[in-house]
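Trainee: Here's a structure for you.
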Amino acid sequence: MDIEEKKQNVKEALRRLRKAYPVTGPFVAWSNPLELVVGTALSAQCTDERVNMVTKELFKKYQTARDYADADQGVLEKEIYSTGFYRNKAKNLRGMGKVLVERFGGKVPDTLEGLLALPGVSNKTAYIVLAKAFGRQEGVAVDTHVFRLVPRLGWSDAKTAEKMSAELSRLFPKKDYLDMNEYLITHGRAICSPRNPKCGDCVLSDICPGSEKFKAKNEK
Ligand code: SF4
């Protein structure tokens, strides 16, 4: 597909996914920007369901950036243990609290630069937080689902999340950046699984280069 064909393909795919999934998610639960940053950081290599079980209690105890800055490493590790990579995540949450207190008056910044200054915050997390908490769609968040679905769909073969994000951002309008992330995650969980994608049940099968239907159609 050339760039114009990809743009049309992406547009049609998003139209169909919106129709197929009236509700996307579940995603990490949050009620303020701090909770969103923490929940998204904890979701690395972990399911959103598990994160939500952990944060249900965590958010009762840690309500401000100062709470994370002053947290005891060992105690915090135990509290987030089941999300995996708990040592590093606990270290990052404490570091994040510290940077928020020292540089941002305890508030989560609403800029990409500010968010990337927080330990453990990747481009993916920053784009999600900017879009959801501040209504600013500045980049396409590429998580593991997006990273494996996009090559199947023929939109990008980039080998890094950053490069893929940059390529995707040229294929559709900014207003759709967050939707694209959420619909691909939902579709990846429901139909386009890593090992056995259910192409026969997929609403994208005739426009997805990864499906037999598409290959057959284009061989004729
Ligand atoms: S057609 Fe198959 S490979 Fe393509 S998005 Fe659907 S399930 Fe995934």
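Trainee: Being under 23 Å from the mean Cα position of the chain (by Cα), surrounded by fewer than 15 Cβ atoms within 10 Å (Cβ to Cβ) and over 22 Å from Asp143 (Cβ atoms) narrows it down to one residue among Glu4, Glu12; which is it?
Mentor: Working: Glu4 fails: under 23 Å from the mean Cα position of the chain (by Cα).
Result: Glu12 is the single residue among Glu4, Glu12 that is under 23 Å from the mean Cα position of the chain (by Cα), surrounded by fewer than 15 Cβ atoms within 10 Å (Cβ to Cβ) and over 22 Å from Asp143 (Cβ atoms).
Trainee: Determine which member of the set Lys132, Lys213, Lys163 is among the basic types (Lys, Arg) and more than 17 Å from the chain's Cα centre (by Cα).
Mentor: Going through Lys132, Lys213, Lys163 in turn, the sole match is Lys213.
Trainee: Give me the residue from region 209-220 that is of a type outside the set (A, V, I, L, M, F, W, C) and without any contact (Cβ under 8 Å) to a residue 12 or more places away in the chain and, out of that set, nearest to the ligand (Cβ to nearest atom).
Mentor: In this case the residue turns out to be Lys215.
Trainee: Do you know which of the residues in region 194-208 that are more than 8 Å from the ligand (Cβ to nearest atom) and part of a loop (DSSP other than H, G, I, E, B) is farthest from Leu17 (Cα to Cα)?
Mentor: Once the filter is applied, the top-ranked residue is Arg195.
Trainee: Now, a different point. Touching a residue at least 60 places away in the same chain (Cβ under 8 Å) and either more than 22 Å from Gly114 (Cβ to Cβ) or assigned by TED's automatic domain parsing to the domain that holds Val129 (or both): which single residue out of Leu76, Leu42, Leu58, Leu17 fits that description?
Mentor: Exactly one residue qualifies, and that residue is Leu17.
Trainee: Now, a different point. Any residue at all in region 139-154 that is over 30 Å from Val101 (Cβ atoms), within 15 Å of the ligand (Cβ to nearest atom), part of a loop (DSSP other than H, G, I, E, B) and out of contact with any Ser or Thr (no Cβ under 9 Å at 6 or more places or on another chain)?
Mentor: yes
Trainee: In region 167-177, which residue that is in contact with a Leu (Cβ under 9 Å, 6 or more places away or on another chain) and not in a loop (DSSP other than H, G, I, E, B) is nearest to Asp143 (Cα to Cα)? Spell out how you get there, then give the answer.
Mentor: Narrowing region 167-177 to residues in contact with a Leu (Cβ under 9 Å, 6 or more places away or on another chain): 172, 176-177.
Next, from what is left, pick out any that are not in a loop (DSSP other than H, G, I, E, B): 176-177.
Values: Asp176: 16, Tyr177: 13 Å.
Checking each candidate, the answer is Tyr177.
Trainee: Same structure, new question: If we only count helices (runs of 4 or more DSSP H) wholly inside region 1-79, which ones have 3 or more residues that are among the aliphatic types (A, V, I, L, M)?
Mentor: Helices (runs of 4 or more DSSP H) meeting the threshold: 3-20, 33-42, 48-61.
Trainee: While we're on this one: Pick from Gly105, Gly95: which is without any contact (Cβ under 8 Å) to a residue 24 or more places away in the chain, closer than 23 Å to Leu130 by Cβ and either surrounded by 15 or more Cβ atoms within 10 Å (Cβ to Cβ) or not assigned by TED's automatic domain parsing to the domain that holds Leu149 (or both)?
Mentor: Gly105
Listed here are the residues, each with its yes/no results for (1) crowded, with 16+ Cβ neighbours inside 10 Å; (2) of a type in the set (Lys, Arg); (3) touching a His at 6+ places or on another chain (Cβ under 7 Å).
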residue	(1), (2), (3)
Glu113	no, no, no
His145	yes, no, no
Glu162	no, no, no
Ser169	yes, no, no
Lys174	no, yes, no
Asp179	yes, no, no
Glu182	yes, no, no
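The values are calculated or read from the model by the stated rules, or taken from the named source; none is laboratory data. Since the structure is predicted, the reported quantities are computational estimates derived from the model, not experimental observations. We place every Cβ from the backbone using ideal geometry, glycine too, and count neighbours over all the protein chains shown.
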